[in-house]
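As structure tokens, the structure follows; a few thoughts come after it.
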Amino acid sequence: MQALARLDAVGLVHYLCAETAPPVDELRQSMAEARAQGARMELAEMRYELLEQDGDEARVRMTGLLKADHPSQGPSRERLDETVQLRLEDGRWKICGGLM
């Protein structure tokens, strides 16, 4: 999640399932554009709760606070309450499907 807040495409790709991750070049370009426009994000008070695990698949609830600032949209604060699917790939838990 911190890689997402830093708009770090290379770091984020290591936490996404191979089958659902966007191409790294596409992700890198969109995050570079956001940084160039002055966009900033910060995650705070993050909590993770394991809801269910079955072998190499799991569901995790993520809660916390997303603070964002974009020159064209202004600052915002949003409470996060998301449930994500995880899969164990190459010895590491990775997010599969949508992320926020």
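Structure notes:
- Arg40 vs. criteria under 17 Å from Leu12 (Cα atoms), surrounded by 14 or more Cβ atoms within 10 Å (Cβ to Cβ) and free of Cβ contacts under 8 Å to residues at least 24 places away in the same chain: no
- Residues of the range 21-45 that turn out to be modelled with pLDDT under 80 and of a type outside the set (S, T, N, Q), as a count: 12
- Scanning the range 71-86 turns up no residue that is under 15 Å from the mean Cα position of the chain (by Cα), at pLDDT below 90 and either small (Gly, Ala, Ser) or exposed (fewer than 12 other Cβ atoms within 10 Å of the Cβ) (or both).
- In the range 83-97, of all residues being in a strand (DSSP E or B) and of a type in the set (D, E, K, R), the one that is nearest to Leu16 (Cα to Cα) corresponds to Lys94.
- Every residue from the range 64-82 that is acidic (Asp, Glu) and in a loop (DSSP other than H, G, I, E, B): none
The values are calculated or read from the model by the stated rules, or taken from the named source; none is laboratory data. Model, not experiment: these values are computed from the prediction. Using ideal geometry, Cβ is built from the backbone for each residue, glycine included, and neighbour counts are taken over all protein chains shown.
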